[in-house]
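Okay, so here's the structure we're looking at.
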Amino acid sequence: MSPYCTYCGKEVEESWNACPTCGNSLKEKEITQSQLRPRPRMTSPPQTIQARPSQRGFTSSGNNNYGIASLISAVFGLLFAAFFLAPVLGIAAVILGILGINRDENNALALIGIVVGILDIAIFLLFYLLFSQLFSWFNWFDNMWGGI
């Protein structure tokens, strides 16, 4: 019998029936040392991979200035939806919301500001088209009856 385990390659004594390292029987096969492949020895301990900390920390007391400004602009845009100030505030809300998504810690307010800003612009266009058609109809009515 060889002085090495046929399964794990550890050195064993001839009187042993099983390898103390891997527990396999030593009496089944005999193998010479030249037939064994030596196990590679580790020269350094295995390296652990550490996760990098997140670049953005989501806290409840974070810096959300752009999102707040976007939401305020959007709400005022809704209040002035019938006036020409609405598209300016809607566009400002969308721009501030985009900046908030990229720079704020929590981008929920920025997303809401973008959505409401787009609604501001859409509602203004709806009012503008509706009232322009309405005023053109009144103008046609005045011209037809001679401007009573």
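Observations
- Measuring spread by the Cα atoms of the range 65-142 yields a radius of gyration and Dmax of 15.2, 57 Å.
- Long-range HN-HN contacts of Tyr4 with modeled amide H, under 5 Å: Val12
- Protection proxy ranking, peptides 13-19, 119-125, 108-114, average beta carbon neighbours within 10 Å, highest first: 108-114, 119-125, 13-19
- Couplings for the range 16-21, taken from phi via the Karplus curve 6.51 cos²θ - 1.76 cosθ + 1.60 with θ = phi - 60°, read 7, 8, 9, 6, x, 7 Hz in order; Gly and Pro are left as x.
- Built amide H within the under 5 Å cut-off of Ala18, gap 5+: Leu26
No lab work stands behind these numbers, since they all come straight from the coordinates. What you see is a predicted model; the values in this text were computed from it and never measured. Glycine gets a Cβ as well: all are built from the backbone with ideal geometry, and neighbour counts include every protein chain shown.
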